[in-house]
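Dumping the structure here so I can ask a few things about it.
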Amino acid sequence: MGLVSILLHWLSALAIVGLFVLGWWMTGLDYYDSWYNLAPWWHRSVGMLLLFATLGRLVWRFVQPTPVARGIGWSAWLRMPATSCCIASCCWYW
């Protein structure tokens, strides 16, 4: 796992937490508050940064090769039940 992937991951995590906190704080703003018009601008700006960071992560994911898994691999007899359970749980909640 490379440094770029880690940095993009933590940038995205910080942006999500920041957007949540800023959005929650904005709900308590009064119309006459000085941040009433400025806070939504910051919220949109951080949201756009998150969008670009997510797109960057996707591009980086497709450009970089996937690292080889170390240790014991998934054998065929274990992969089939795991896949079927995953599909069943997705269908159950959908």
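The values are calculated or read from the model by the stated rules, or taken from the named source; none is laboratory data. Keep in mind that this is a model prediction, so the values were computed, not measured. Neighbour counts are summed over all protein chains in view; Cβ atoms, including those assigned to glycine, are modelled from backbone coordinates with ideal geometry. Heads up: the accessible areas ignore ligands, DNA and RNA and are worked out on the full protein's heavy atoms, side chains in. Shrake-Rupley method; radii C 1.70, N 1.55, O 1.52, S 1.80 Å.
If you average the sequence gap of Cα pairs under 8 Å that are 6 or more apart and divide by the length of the stretch 2-63, what percent do you get for the contact order? Numbers along the way, then the final one.
Details: 30 pairs, mean separation 31.1, N = 62.
Result for the stretch 2-63 is 50 percent.
Tell me, in nm to one decimal, what length is gained between ILE16 and LEU38 on full extension, where the rule is 0.36 nm per residue of separation less the Cα-Cα distance? Walk me through the intermediate numbers first.
Numbers: separation 22, 0.36 × 22 = 7.92 nm, distance 1.89 nm.
Stretched out fully, the ILE16 to LEU38 stretch lengthens by 6.0 nm.
Rounded to the nearest percent, how much of the accessible area of the stretch 2-63 (1.4 Å probe, protein heavy atoms only) is carbon and sulfur? Walk me through the numbers before you get to the answer.
Numbers: 3800 of 4990 Å².
Answer for the stretch 2-63 is 76 percent, counting heavy atoms of protein chains only.
Which FRET efficiency value, to the nearest 0.05, do you get for THR83 and VAL59 by plugging their Cβ-Cβ distance into 1/(1 + (r/R0)^6) with R0 = 30 Å? Mind showing how you got there, number by number?
Values: r = 28 Å, r/R0 = 0.92.
That gives a FRET efficiency of 0.60.
I'd like to compare 7-18, 34-45: which one has the highest average count of other Cβ atoms within 10 Å, and what's the full order after that? Write out the running numbers ahead of the final one.
On the way: 7-18: 14.6, 34-45: 12.2.
The packing order, highest mean first, is 7-18, 34-45.
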